[in-house]
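*Asks:* Sharing a structure with you now.
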Amino acid sequence: MNEISNSPNETPAPKASIHWGRILAWIALFALLVVVALVLLQRQQGPVAVGQKVPPFTLTTFDGQQIGPEEMAGKVVLLNFWASWCKPCEQEAADLESVWRYYQSRGDVLFLGLAWTDTETASLEYIEKFDITYPNGPDLGTSISQSYRTTGVPETYIIDKNGLLTYVKLSPFTSQAEIKAAIDPLLGP
């Protein structure tokens with residue numbers, strides 16, 4: 001026979017309680033999974049597509065100049081991701097510089113170089129070696145290359161005067177004529 005005791009010294013059986021710590025841990029885990037899924041989805045999309053508005057960014061050059069959307073507005077922009085350790089980047093470096101000098105005086109074409117996962121010292125040596133005069137800066141934390149969803153170097157993106165991506169090159173340019181052929185149609189009469 002079971003006796004039920006109503007003694008004042010006994011503690012009552014615990015009621016179903018909410019475990020806030022567990023709930024918060026599950027919420028945090030869910031949030032982390034959502035972030036990981038979004039990053040993976042973005043990476044699966046590949047590079048920014050031709051015809052799309054390009055992601056805005058501001059580049060701080062090696063000499064401290066800031067070039068952002070205001071400085072790019074109304075210009076054809078050639079955005080080249082490179083690295084000092086990249087042999088294919090070296091193949092196109094002289095041609096990019098020559099074409100930059102060809103267009104520079106127009107004022108409506110802007111070349112920007114982004115040193116991708118490189119040291120400042122090695123980047124500056126590369127710029128000096130190829131006598132590069134167009135603005136270059138580091139892609140700090142790879143934030144710009146991530147927004148363009150780059151897959152390596154060299155990669156070049158050409159943006160029209162309205163901020164739309166018009167040309168993507170996922171390998172080195174092979175000639176000055178190839179670079180000009182991508183830019184000239186965007187300049188108008």
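*Asks:* ³J(HN,Hα) across the range 88-97 via Karplus (A = 6.51, B = -1.76, C = 1.60, θ = phi - 60°), whole Hz, x for Gly/Pro?
*Replies:* 3J(HN,Hα) across the range 88-97, in whole Hz: x, 5, 5, 4, 9, 4, 5, 5, 4, 5.
*Asks:* Based on the Kirkwood radius over alpha-carbon pairs, what value in µm²/s does the Stokes-Einstein equation return for the translational diffusion coefficient of the range 67-113 at 25 °C and 0.890 mPa s?
*Replies:* For these conditions, the coefficient is 211 µm²/s.
*Asks:* Roughly how many whole Å is it from the C-alpha centroid of the range 49-71 to that of the range 131-167?
*Replies:* 8 Å
*Asks:* May I ask for the net charge around residue 173, where only other residues with Cβ less than 13 Å from the Cβ of residue 173 are counted and Lys, Arg are +1 while Asp, Glu are -1?
*Replies:* -4
*Asks:* Amide H neighbours of residue 110 under 5 Å, at least 5 residues apart or on other chains, H built in the peptide plane: list them.
*Replies:* 76, 77, 78
*Asks:* In Å and on Cα atoms, what radius of gyration and Dmax does the range 91-189 show?
*Replies:* In order Rg, Dmax, the Cα atoms of the range 91-189 give 13.5, 42 Å.
*Asks:* While we're on this one: Using a Förster distance of 22 Å, how high is the FRET efficiency between residue 170 and residue 143, based on the Cβ-Cβ distance and rounded to 0.05?
*Replies:* It comes out at approximately 0.65.
*Asks:* Tell me, in nm to one decimal, what length is gained between residue 50 and residue 102 on full extension, where the rule is 0.36 nm per residue of separation less the Cα-Cα distance?
*Replies:* My answer for the length gained is 16.2 nm.
*Asks:* Next up: Counting other Cβ atoms within 10 Å of each Cβ, which trypsin sites (Lys or Arg not before Pro) in the range 127-189 have at most 11 and sit in a DSSP loop?
*Replies:* none
*Asks:* Further question: If I take R0 = 22 Å and measure r between the Cβ atoms of residue 58 and residue 28 in this structure, what FRET efficiency does the formula 1/(1 + (r/R0)^6) give, to the nearest 0.05?
*Replies:* Rounded to the nearest 0.05, the efficiency is 0.10.
*Asks:* Run a plain Debye calculation on the range 25-180 (Cα atoms as equal point scatterers, no solvent) and give log10 I(q)/I(0) at q = 0.10, 0.11, 0.13 Å⁻¹, rounded to two decimals, same order as the q list.
*Replies:* Once normalised to I(0) and log-transformed, intensities are -0.37, -0.44, -0.60.
*Asks:* According to the Kirkwood expression over distinct Cα-Cα pairs, how big is the hydrodynamic radius of the range 79-140, in Å?
*Replies:* 11.7 Å
*Asks:* Among DSSP bridges having both ends in the range 59-186, what percentage is antiparallel? Round to the nearest 5.
*Replies:* Within the range 59-186, antiparallel bridges account for around 50 percent of the total.
*Asks:* Given the peptides 85-94, 65-74, arrange them by the average over their residues of other C-beta atoms within 10 Å, most packed first.
*Replies:* My ranking of the peptides, most packed first, is 85-94, 65-74.
Just so you know, all these numbers are worked out from the coordinates, no wet-lab data involved. Keep in mind it's a predicted model, so treat the numbers as computed, not measured. Every residue, glycine among them, receives a Cβ derived from its backbone with ideal geometry; neighbour counts consider all protein chains shown.
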